[in-house]
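Engineer: Please see the structure below; I have some questions.
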Amino acid sequence: MNLINYMIPRFFGLILLLVSQVTSAELEIISWQDLAPEYDGSLELDGVAWGERVRLELNEKDVRIPGFIVPLDFEERQSVTRFLLVPYFGACIHEPPPPPNQTIYAEFEPGYKLESFWQPFWIEGKIFVSRVEEDLATALYTLSAEKIEPYEY
């Protein structure tokens with residue numbers, strides 16, 4: 001009986017460890033270059049500008065990407081729930097927006113208290129290929145954010 005009481009918690013602990021490793025293995029760290037198809041030297045392909053091209057194979061993938069948050073609105077408690085994720089500081093506010101395939105529209109339902117605009121963040125969630133037009137910019141990707149954490153240099 002003691003052997004069973006000893007082995008059962010360890011067995012379930014091992015199963016939990018294996019499941020968490022499989023889940024984290026599905027999360028793909030991507031860069032901004034990964035959002036655009038490989039540049040072929042032409043700015044247009046079949047009438048579609050390079051900045052409007054997307055990578056369909058990214059659709060519905062769980063990803064982690066660094067970037068800067070450009071708030072679109074705040075909740076009552078001053079936390080950001082909808083934002084644009086952009087590759088460089090000042091995009092859409094102080095500078096012209098990046099191309100649509102370099103802009104991600106994101107939603108984070110719990111909200112995130114944004115204390116500075118110049119802080120980069122890691123954003124994790126499921127990415128979708130879908131066009132969203134906002135006043136500040138157009139995004140060709142949407143991210144259902146599940147986790148936001150400061151980017152550490």
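The values are calculated or read from the model by the stated rules, or taken from the named source; none is laboratory data. Every value quoted in this text rests on a predicted model; they were computed, and no experiment measured them. Don't worry about glycine lacking a Cβ; one is built from the backbone with ideal geometry, like all the others, and counts go over all protein chains shown.
Engineer: Select from region 100-118 the residues that are modelled with pLDDT of 95 or more and outside any strand (DSSP E or B) and write down the one among them that is nearest to Val54 (Cα to Cα).
Structural biologist: Among those that are modelled with pLDDT of 95 or more and outside any strand (DSSP E or B), it is Asn101.
Engineer: Modelled with pLDDT of 95 or more, polar (S, T, N, Q) and surrounded by fewer than 20 Cβ atoms within 10 Å (Cβ to Cβ): is that true of Ser79 in this structure? Give the derivation first.
Structural biologist: Working: modelled with pLDDT of 95 or more: no; polar (S, T, N, Q): yes; surrounded by fewer than 20 Cβ atoms within 10 Å (Cβ to Cβ): yes.
Against the criterion (modelled with pLDDT of 95 or more, polar (S, T, N, Q) and surrounded by fewer than 20 Cβ atoms within 10 Å (Cβ to Cβ)), Ser79 does not qualify.
Engineer: Within region 44-55, can you find the residues that are more than 15 Å from Glu28 (Cβ to Cβ) and either crowded, with 16+ Cβ neighbours inside 10 Å or not acidic (Asp, Glu) (or both)?
Structural biologist: Passing the criteria: Leu45, Gly47, Val48, Ala49, Trp50, Gly51, Glu52, Arg53, Val54.
Engineer: May I pose another question? For region 118-126, indicate whether the set of residues that are touching a Ser or Thr at 6+ places or on another chain (Cβ under 7 Å), surrounded by fewer than 17 Cβ atoms within 10 Å (Cβ to Cβ) and either hydrophobic (A, V, I, L, M, F, W, C) or touching a residue at least 24 places away in the same chain (Cβ under 8 Å) (or both) is non-empty.
Structural biologist: Just the residues of region 118-126 that are touching a Ser or Thr at 6+ places or on another chain (Cβ under 7 Å), to begin with: 125-126.
Applying the additional criterion that residues be surrounded by fewer than 17 Cβ atoms within 10 Å (Cβ to Cβ) yields 126.
Filter again for either hydrophobic (A, V, I, L, M, F, W, C) or touching a residue at least 24 places away in the same chain (Cβ under 8 Å) (or both), leaving 126.
Yes, because at least one residue in region 118-126 is touching a Ser or Thr at 6+ places or on another chain (Cβ under 7 Å), surrounded by fewer than 17 Cβ atoms within 10 Å (Cβ to Cβ) and either hydrophobic (A, V, I, L, M, F, W, C) or touching a residue at least 24 places away in the same chain (Cβ under 8 Å) (or both).
Engineer: Could you please let me know if Leu140 is touching a residue at least 40 places away in the same chain (Cβ under 8 Å), within 17 Å of Leu27 (Cα to Cα) and among the aliphatic types (A, V, I, L, M)?
Structural biologist: Values: touching a residue at least 40 places away in the same chain (Cβ under 8 Å): yes; within 17 Å of Leu27 (Cα to Cα): no; among the aliphatic types (A, V, I, L, M): yes.
Criteria not met by Leu140.
Engineer: Here's something else I'd like to know. Given the structure, is Ser130 surrounded by fewer than 16 Cβ atoms within 10 Å (Cβ to Cβ), in contact with a Lys or Arg (Cβ under 7 Å, 6 or more places away or on another chain), in a strand (DSSP E or B) and among the polar types (S, T, N, Q)?
Structural biologist: Values: surrounded by fewer than 16 Cβ atoms within 10 Å (Cβ to Cβ): yes; in contact with a Lys or Arg (Cβ under 7 Å, 6 or more places away or on another chain): no; in a strand (DSSP E or B): yes; among the polar types (S, T, N, Q): yes.
No.
Engineer: Given the conditions (1) in contact with a strand residue (DSSP E or B) (Cβ under 7 Å, 6 or more places away or on another chain); (2) surrounded by fewer than 12 Cβ atoms within 10 Å (Cβ to Cβ), report the number of the one that Phe89 does not fulfil.
Structural biologist: (2)
Engineer: Quick one: which residue in Leu114, Leu140 is in contact with a Pro (Cβ under 7 Å, 6 or more places away or on another chain) and either acidic (Asp, Glu) or surrounded by fewer than 19 Cβ atoms within 10 Å (Cβ to Cβ) (or both)?
Structural biologist: Values: Leu140 fails: either acidic (Asp, Glu) or surrounded by fewer than 19 Cβ atoms within 10 Å (Cβ to Cβ) (or both).
From the options Leu114, Leu140, the qualifying one is Leu114.
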